[in-house]
Every structure is written in structure tokens, then in C-alpha cells.
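The values are calculated or read from the model by the stated rules, or taken from the named source; none is laboratory data. Keep in mind that this is a model prediction, so the values were computed, not measured. Here Cβ is always computed from backbone atoms with ideal geometry, including for glycine, and neighbour counts include all displayed protein chains.
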Amino acid sequence: MLHKRMKKYISSELTSEANKVEIYQEEKEFIKKYDLVSNDITIIDKDPKTRFLDAYIERGDKETEETLAVESFAFLEQPIAYLQKHMNEFIYIESKWLELIGVDAISLEVSDVFGTYDVMVGLQMQKKLEMSLKENLSKELDGDEARFELMFNQKDGMWDLNFALNDVQGFHEKMSLEETCRLIYRFLFKLVERIEEKSKDMN
């Protein structure tokens, strides 16, 4: 699915300006690894800080799930510690880039129980890939007590995945919310890529 979506994205970008495609680092690595474009196409690096520039950003109340405010991109420039100061809130983000990797949205909040930064996503992936998904999460999340919750949502046909951002390699509490979103994206991108690669090998 990631291959298909990536090819579709490249096609849509190429129609606007012949033989050039603007792309972020994760997509660039993927395109080169799987040789998805011909040599006559120029790949231009996008500024990574602009990835979530057009994202839909919302602050919500954890208890009621009521929308508190719809925010602009500037909100993401705050440190992630914002969530420690506003324990009652969660941040909800939708983006075309998340759609590219089969993720519906990112929700981010601080756990009332563990005090960790918790990430919740809906992941479009076949139910039969459960074992591969669990193995990859166990391997890629750092720490002996790395925890995640994974449940298949029959209604939506998606995986509800929750994990602690604190267990993701590269995370630190001095990050901005924007840097945090990019780290989550990279983690999910690589997760989806590895599982699809493994499922291909099994077929």
C-alpha cells in the first residue's frame, strides 16, 4: 500500500512541473531504496520543518473530547512540555502526509497514570499482519518496559495503536511539538515500510 500511495504521490507531483519532484527525507529515502523514479527525474529536498504547515491542528479536552480550539501551525512551535502544563488536554493532528502512510490522524497527550507522552493513531493495515506489527513495535520501541496497545477496530478496518513517545529513539523533552510530530511521522513511516517489506517476503 505504501508503494502504491508513493507512486500516486510522485505522479501527482510530476504533472505540475516536468521531471522534478519535491519530497521530504523519508519519502526520498524510500524512492531511492525502491527505485521508484527514473534517473532523469530531479528530486528536490523539501524543508523538513514545513511538513505539517498545512495540517489540521486541534486542542481537545481529554475527559469530554470537546474541541477547545483549532490552532494554526504556529502552535506547534511550543515545547512539548505544553502538555505537562495542560494535563487535561490532547492535541489532534490530521495531515495529507499521514494519509500517505495509512494513518488517519495523530493524537498526543500526557498519560495520567504513567506521566509519559502517549501517541494514539489509527493505522490502515491488514488484520493478518498483527504478529509482524507486534514484533516490530516490540523491537523498535526502546526500553525493557516499552509499552504499546494494539487493537483491531472491526468497524473502521484499522488498527488502534497507542504507544509511549518516551520509548521512541531520538525523543527528548526539549523538543517542540513540531519536532515531535516529525519524529512520530518518521517512526510510523519506517514501521509501515518494514512490515510491508516483510509481508512481501512472506508471500
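I need the full set of residues from segment 149-171 which are more than 19 Å from residue 80 (Cβ to Cβ) and either aromatic (Phe, Trp, Tyr) or not assigned by TED's automatic domain parsing to the domain that holds residue 101 (or both), in order please.
Once the filter is applied, which keeps residues that are more than 19 Å from residue 80 (Cβ to Cβ) and either aromatic (Phe, Trp, Tyr) or not assigned by TED's automatic domain parsing to the domain that holds residue 101 (or both), segment 149-171 yields 152, 159.
Within segment 103-146, restricting attention to residues that are assigned to a loop (DSSP other than H, G, I, E, B) and small (Gly, Ala, Ser), which residue is surrounded by the fewest Cβ atoms within 10 Å (Cβ to Cβ)?
Result: 143.
From the list 98, 129, 83, which one is under 18 Å from the mean Cα position of the chain (by Cα) and touching a residue at least 24 places away in the same chain (Cβ under 8 Å)?
Exactly one of 98, 129, 83 is under 18 Å from the mean Cα position of the chain (by Cα) and touching a residue at least 24 places away in the same chain (Cβ under 8 Å), namely 98.
Of all strands (runs of 3 or more DSSP E) completely enclosed by segment 7-66, which ones contain at least 2 residues that are surrounded by 11 or more Cβ atoms within 10 Å (Cβ to Cβ), touching a Ser or Thr at 6+ places or on another chain (Cβ under 7 Å) and modelled with pLDDT of 90 or more?
Fully inside segment 7-66 and qualifying: 56-61.
Go through (1) outside any strand (DSSP E or B); (2) at pLDDT 95 or above; (3) surrounded by fewer than 16 Cβ atoms within 10 Å (Cβ to Cβ) one by one and return the number of the condition residue 69 breaks.
If we test residue 69 against (1) outside any strand (DSSP E or B); (2) at pLDDT 95 or above; (3) surrounded by fewer than 16 Cβ atoms within 10 Å (Cβ to Cβ), just (1) comes out false.
Exactly one of these conditions fails for residue 65: (1) touching a strand residue (DSSP E or B) at 6+ places or on another chain (Cβ under 6 Å); (2) assigned by TED's automatic domain parsing to the domain that holds residue 107. Give me its number.
(1)
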